[in-house]
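Notes for the one structure printed next.
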Amino acid sequence: MLVTWKYRPRNTFIQSLDPRTRFILLACIIFALTIPEIWDYRILISLFLFSLTQFLMARIEWKDIRRPLFFISILVFFIIGLNGLLSGRGGPSSVADPNSPILFQALIPGTTWGLTVTISKLWFAMNQVIRILSMALPAILIPYTIDPNIYGTAFKQLRASDQVAFTMDLAFRFLPTFARDLTITMDAQRARGYEMDKLKGGLIAKIRKLAPLIIPVTMQSTVTGEEVIDAMDLRAFGTAPRTWLKNLKYAPRDYFVIGLGVAIFITCCVLKWGFGIGGFFVPDFFTNALVG
Amino acid sequence: MNNNSTWEFGTRQVVYGAIGAALYGALSWATNFFPLPAAGNITFRPAVAVLIFFGVAYGPIVGLLAGFIGNTLGDMISGFGFYWNWSLGNGLMGMVPGLVMAAITDFKDRSQIIKAVGWGALGIAVGMLFASLTEMFVGGIDLSTALVGYFTPAFIGNLVVTAILLPILMIAFAGVAARRGR
């Protein structure tokens, strides 16, 4: 059981971008959809295609990406999509339009309670799935396409303090060590008869039985911490601004991509607040296709 | 054990923030291989007890960093990407119990352990509520789905784990700290 980073060097445009550019672009897409509350399918589809293009350009192997995509698909389609389809809540109030044609209805006899699926709710559910995927696809790419060794530098050059950037950098370095400690501890406990795979008893007993695994690793880490603090104090950490071994520099393509991200955000804000475009509505072609 | 001011952000907080984050990430990832069965969609993450412990032992800054970065790391090594609102929610879950750090002077004392578990519960409530409610803006879900589908399972699962494992961690830490002499 070894921690393996998902990152692999690939000769792609996406990986040639500065990591800061990638974070800024992701933030622009999320803000463009959430701050002006965009639900217009024309804008949603445009942004979805933009995110999908990034995803395909990253050229991540299917065997690497299929598992997370499977879990995210379940979340998006079943939890969020079905919620939108059945309840129609969570979006703008126009989703619950009482005049929207009914597609399916199952009421408790003698009452007005039950399940009502309208055209409006169906369209909203589809929009909601596209909206989430537009934000999730660029986020999924990050661990696969950014070298774990440059997160600290990237955050430092995004104007984070030395402390925050160093915490990030150290965490990435400690992670494989602690994962290895966990494996060693598990093997040692198994040699003493500890059965990790077959935890018996009730729920509380099962959780308590994880203690022989968690406690030694956690306590050892606190001891390691004191040694690292001593080493950093001896090097006068925190007394003056630090220099960093790696230095990231924006290339023209980074300015172009950041400009594109900012333009997307500003366009969404201007469309929504300046021209009233971007709100939820059911297009006529969709209604006509379903009810004629 | 706790002779630092609550909001100090020096070498100690940097190192323990990083260690807490790495542990939280590694344990979250490792326990994916040994899921604890539970009712409905409630899942148990034993790593949460470690996060709360780091908050209680080393303060709110350490809890915030350990939760935020640790959740990000756990998601990244599982290949799930980056979800800022859940990472920030986990950060709050570690930060709030850190507010009690100055009041915890004896990690073996029963009343102080109960106090730590209580603040841990508050942290879980604040952190998971933040993550669930922000999902309304990010995911477009409604309030009842946020509370029933997201917050309640996360809160119950994390609370059970914390109530069981945090006292054990605190008692073990008291022994380690006494041997270390600082």
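The values are calculated or read from the model by the stated rules, or taken from the named source; none is laboratory data. Note that the structure is predicted; figures quoted are calculated from it, not measured. Ideal geometry is used to build each Cβ from the backbone, glycine not excepted, and the neighbour counts take in all protein chains shown.
Using the structure shown, decide if A:Phe286 is buried (at least 18 other Cβ atoms within 10 Å of the Cβ), among the hydrophobic types (A, V, I, L, M, F, W, C) and in the same structural domain as A:Leu25 (by TED's automatic domain parsing). The answer is no for A:Phe286.
Of all residues in the range B:134-171, those that are farther than 24 Å from A:Leu33 by Cβ, out of contact with any Ser or Thr (no Cβ under 8 Å at 6 or more places or on another chain) and either of a type in the set (S, T, N, Q) or at pLDDT below 90 (or both) total 4.
Scanning the range A:135-163 for residues that are part of a loop (DSSP other than H, G, I, E, B), without any contact (Cβ under 8 Å) to a residue 40 or more places away in the chain and either crowded, with 20+ Cβ neighbours inside 10 Å or more than 10 Å from chain B (Cβ to nearest Cβ) (or both) yields A:Arg159, A:Ala160. In the range B:77-94, the residue that is nearest to the other protein chains (Cβ to nearest Cβ) out of those that are in a helix (DSSP H, G or I) and without any contact (Cβ under 8 Å) to a residue 40 or more places away in the chain is B:Trp84. Within the span defined as the range A:191-209, every residue fails to be modelled with pLDDT under 90, crowded, with 16+ Cβ neighbours inside 10 Å and within 15 Å of B:Leu23 (Cα to Cα). Within the range B:6-21, restricting attention to residues that are in a loop (DSSP other than H, G, I, E, B) and within 7 Å of chain A (Cβ to nearest Cβ), the residue that is farthest from the chain's Cα centre (by Cα) is B:Gly10.
Any idea which of (1) within 9 Å of chain B (Cβ to nearest Cβ); (2) surrounded by fewer than 22 Cβ atoms within 10 Å (Cβ to Cβ); (3) closer than 20 Å to B:Trp29 by Cβ is the one A:Ile184 doesn't satisfy? That leaves (1) as the condition not met. Residue count for the range B:109-164 under the criterion of being of a type in the set (D, E, K, R) and within 14 Å of chain A (Cβ to nearest Cβ): the result is 2. A:Ile132 meets all of the listed conditions (1) in contact (Cβ under 8 Å) with a residue 12 or more places away in the chain; (2) farther than 30 Å from A:Gln105 by Cα but one, namely (2). In the set A:Thr218, A:Thr243, only one residue is among the hydroxyl-bearing types (Ser, Thr, Tyr) and under 30 Å from B:Leu159 (Cα atoms); that residue is A:Thr218. In the set B:Ala121, B:Ala116, B:Ala131, only one residue is among the aliphatic types (A, V, I, L, M) and modelled with pLDDT under 95; that residue is B:Ala131.
Considering the range A:185-286, the qualifying helices (runs of 4 or more DSSP H), each wholly inside and each with 3 or more residues that are in contact (Cβ under 8 Å) with a residue 60 or more places away in the chain, run over A:252-269. Residues in the range A:164-180 include at least one that is surrounded by 14 or more Cβ atoms within 10 Å (Cβ to Cβ), within 8 Å of another protein chain (Cβ to nearest Cβ) and polar (S, T, N, Q). Being buried (at least 19 other Cβ atoms within 10 Å of the Cβ), aliphatic (A, V, I, L, M) and touching an Asp or Glu at 6+ places or on another chain (Cβ under 7 Å), is that true of even one residue in the range B:159-173? No, because not a single residue in the range B:159-173 is buried (at least 19 other Cβ atoms within 10 Å of the Cβ), aliphatic (A, V, I, L, M) and touching an Asp or Glu at 6+ places or on another chain (Cβ under 7 Å).
Determine, yes or no, whether B:Ala178 is more than 18 Å from the chain's Cα centre (by Cα), surrounded by fewer than 17 Cβ atoms within 10 Å (Cβ to Cβ) and not polar (S, T, N, Q). Step through it out loud before you land on a result.
Working: more than 18 Å from the chain's Cα centre (by Cα): yes; surrounded by fewer than 17 Cβ atoms within 10 Å (Cβ to Cβ): yes; not polar (S, T, N, Q): yes.
Yes; evaluated as a whole, the condition is true for this residue.
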